[in-house]
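Here is the structure we will look at, set down as structure tokens.
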Amino acid sequence: MQVLPSVAVVILNWNGKAFLERFLPSVCASRYDNLQIYVADNASTDDSLAYVTADFPQVKIIRNASNAGFAGGYNEALKHVQADIFVLLNQDVEVEPDWINPVIAQMQQDPLIAACQPKLRGYQDREDFEYAGAAGGWMDILGYTFCRGRILYTIETDKGQYDDPQDIFWATGAALFIRSKCFFEVGGFDPYFFAHMEEVDLCWRLQRAGYRITYCPQSVVYHVGGGSLPQGNPRKLYLNFRNNLIMLCKNLHFKEQWIILSQRHFLDLLAAFKSLVSGKPRDMVAIFRAYRDYYRWRRTEEKKLQDVFPRKRLYDLKGVFHGIMIWRYYFLNKQKFNELTQLKK
């Protein structure tokens, strides 16, 4: 009889008592025979840990000394967790009782599957895919990220159109299954990111190391989304732009880097101008701040990079759309994943 790998569900919490009250019971009702559940706390100032201790004594607590964001918080917490597979679960996610078993079964089929995500649906609109991961993350040749089931702010209803397990470019950080040895082998999350894009960067490095990232449609979870920073928040916009640029600089093959980054700079300048004329000057400022800090990173941090794993061309990676997503979305009106990709593979 095959021994089930040990699984640790680790929920990163920051002042999230309301979310824990609503969603931790579903996590504790998970049916898996070799499971431990942790709440890793990022120096909360509310009484969320007192609530967990009183109502869920079986849940283990990890206390981080400070709020180092999603990236730094998980890096620190996972040092104290012993398990074959980590499940990084957002505090605003509801799960079904048997959500773990299908993902583990899929990962056991191939030891090169380093990370996997379940299907992500919305907590309020439960038949719709959810923004943060939908049916698996992709990236286009300019580094713009999107999902099967969600392109920009167009979200599809789940009608079974993405019920095929497949390789993807990145797995959502809202419900990320990852082999612990692989997490540490590639260096975990980049703490400089703080939050946003850190899971995309991690999955890119896993692919560079020769591993696969997959999507498991037989497992379904429900995500509120925007629990820390809501959509449209200038801080979120800043982090997304800054971290995306840093990620490209860190991972692109050197022969692709100049042409891709130069095109991104032009398109991001257009995005800043559009924000201004649309009456959103704070968004324009956020984009310019992102570029300022990206160039600061290049001056101070880029030279510290150690390329342990070879940089691969985008055409050699899974889950890359070999076209420009925003062109097809805005100018060709291809706003669903299957419409977008049917023109060009």
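Computed from the coordinates by the stated procedures, all read-outs in this text should not be read as laboratory data. Note that the structure is predicted; figures quoted are calculated from it, not measured. Positions of Cβ are generated from backbone atoms using ideal geometry, with glycine treated the same way; all protein chains shown enter the neighbour counts.
Brief remarks follow.
- Based on DSSP H segments of at least four residues, each scored -39500 (n - 2.57), the chain has a per-residue ellipticity at 222 nm of -11500 deg cm²/dmol.
- Which of N75, V10, F146, positive extreme of dipole for the chain (C-beta unit charges): F146
- Nearest-ten-degree value, helix 234-251 long axis tilted from longest Cα axis of the chain: 80 degrees
- Calculated FRET value between Y330 and N233, using beta carbons and R₀ = 30 Å, to 0.05: 0.85
- Per-peptide packing, taken as the mean over residues of other Cβ atoms within 10 Å, places 67-76, 259-268, 150-159 in the sequence 67-76, 150-159, 259-268 from highest down.
- Contact order relative to length of the chain, as percent, for alpha carbon pairs under 8 angstrom and 6 or more apart: 18 percent
- Farthest towards the positive end of the charge dipole of region 7-223, among the residues A40, T53, L112, is the Cα of L112, using unit charges on the Cβ of Lys, Arg, Asp and Glu.
- Here the chain is treated with +1 on each Lys and Arg Cβ and -1 on each Asp and Glu Cβ, and its dipole about the Cα centre works out to around 1520 debye.
- Protection proxy ranking of 102-112, 198-208 - average other beta-carbon atoms within 10 Å, highest first: 198-208, 102-112
- Translational D in µm²/s for region 38-86 (Stokes-Einstein at 37 °C, 0.692 mPa s, Kirkwood Rh from C-alpha pairs): 288 µm²/s
- For region 7-223: rounded, prolate or oblate by the Cα gyration tensor [a/c cutoff 1.5]: rounded
- The C-alpha atoms of the chain define a longest principal axis, and helix 17-28 lies at about 70 degrees to it.
- For the pair A18 and Q58, label points projected 7 Å from Cα toward Cβ lie 2.8 nm apart.
- Among the GluC sites (Glu not before Pro) within region 93-143, those in coil by DSSP and having at most 13 neighbouring Cβ atoms inside 10 Å are E127.
- Karplus-derived HN-Hα couplings along region 51-59 (A = 6.51, B = -1.76, C = 1.60, θ = phi - 60°), whole Hz, x at Gly and Pro: 5, 4, 4, 6, 9, 9, x, 6, 7
- Under the shape rule built on the C-alpha gyration tensor, where the axes satisfy a ≥ b ≥ c, region 284-345 is oblate, since a/c reaches at least 1.5 while a/b does not exceed b/c.
- Whole-Å distance, taken between Cα centres, linking region 121-184 and region 307-331: 16 Å
- Candidates G210, V285, F19 compared by Cα position along the dipole of the chain: farthest toward the positive end lies V285, with charges placed on Cβ.
- Euclidean distance of C-alpha centroids, region 271-289 and region 202-219, integer Å: 34 Å
- Shape of region 15-109, Cα gyration tensor, a/c cut at 1.5: oblate
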